[in-house]
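**Student:** Here's a structure for you.
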Amino acid sequence: MELLAEKILFEQYFKDYHFVLVVYAQKFVHDDEVAYDLVQDAFLNLWRNFASLSNPKSAKSYLFTSVRNNCLNHLSKKTVRKKYTEESLKQKTEEINDYQTAYSSLLEKEMEEKLRKAVAALPEKYQQPFRLSRFEDLSAKEIAEQLDLPVRTVETRIYRALKQIKLALQDYLFLFFVHRYTKKADQNKSEK
């Protein structure tokens, strides 16, 4: 068949089947633009292989088969992409959580070290009541009895110890409270 005859026959197939094939493809992919593109690909393949068709009148079945295969390939690729995207998102979430956990652990250790140094830097008369109050959970009255001091003196020493610790940790307190708040918020989310 000569080129002009092929072109005329091809144009006739396009006029006869393009709309029907787009509707056919839409039933598979449920997307007008994708269906249109897949039909265009089928016509492009038909044009490329038009000369090799044994019977140019078999183009109708060629087109329907080609569109069906294009749709199935598209759906298969879409499924793979969706699965990859979900797995990738899950992996990224795990990486972020691992990073946050490592960062939290590092931050907690750093804060504990800063607190330990701040407490160690306190004068002994403040250090002892503070340790008993905060690390051994004793009341001011219990500490006063143990150290043989008036309750008010114990309270004053604990207050002054806290004041000095706060001053020593002032650069870290905001970070510490933000960390504690986000950690608590994360725990609340995971409990829900």
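**Student:** Pick from segment 1-54 the residues that are at pLDDT below 85 and among the hydroxyl-bearing types (Ser, Thr, Tyr): which of them is nearest to the chain's Cα centre (by Cα)?
**Tutor:** That would be 52.
**Student:** Continuing with this model, one more query. Going by what's in this entry, would residue 75 be described as open to solvent by less than 60 Å² (accessible area, probe 1.4 Å), assigned to a helix (DSSP H, G or I) and touching a helix residue (DSSP H, G or I) at 6+ places or on another chain (Cβ under 6 Å)?
**Tutor:** no
**Student:** Can you report the number of residues in segment 127-158 which are crowded, with 16+ Cβ neighbours inside 10 Å and hydroxyl-bearing (Ser, Thr, Tyr)?
**Tutor:** So the count comes out to 1.
**Student:** So, one more: Only one of 142, 94 is at pLDDT below 85 and assigned to a helix (DSSP H, G or I); which?
**Tutor:** The match here is 94.
**Student:** Would you mind finding the one in 84, 103 that is open to solvent by 70 Å² or more (accessible area, probe 1.4 Å) and under 22 Å from residue 170 (Cα atoms)?
**Tutor:** 103
**Student:** Follow-up question, since we're still on this one. Quick one: residue 161 ticks every box in (1) of a type in the set (Gly, Ala, Ser); (2) surrounded by 14 or more Cβ atoms within 10 Å (Cβ to Cβ); (3) at pLDDT below 65 except a single one, so which number is it?
**Tutor:** So the condition that residue 161 fails would be (3).
**Student:** Confirm whether residue 118 is at pLDDT 85 or above and open to solvent by less than 50 Å² (accessible area, probe 1.4 Å).
**Tutor:** In short, yes.
**Student:** Name the residues in segment 16-63 that are more than 15 Å from residue 74 (Cα to Cα), aromatic (Phe, Trp, Tyr) and surrounded by 13 or more Cβ atoms within 10 Å (Cβ to Cβ), would you?
**Tutor:** Listed by number, the residues that qualify are 17, 43, 47, 50, 62.
**Student:** From the list 149, 107, which one is of a type outside the set (Gly, Ala, Ser), in a helix (DSSP H, G or I) and either touching a residue at least 60 places away in the same chain (Cβ under 8 Å) or in contact with a helix residue (DSSP H, G or I) (Cβ under 8 Å, 6 or more places away or on another chain) (or both)?
**Tutor:** 107
The values are calculated or read from the model by the stated rules, or taken from the named source; none is laboratory data. As the structure is a computational prediction, the values presented were derived from the model and not from experiment. We place every Cβ from the backbone using ideal geometry, glycine too, and count neighbours over all the protein chains shown. What goes into the accessible areas is simple: the full protein's heavy atoms, side chains included, and nothing from ligands, DNA or RNA. Shrake-Rupley method; radii C 1.70, N 1.55, O 1.52, S 1.80 Å.
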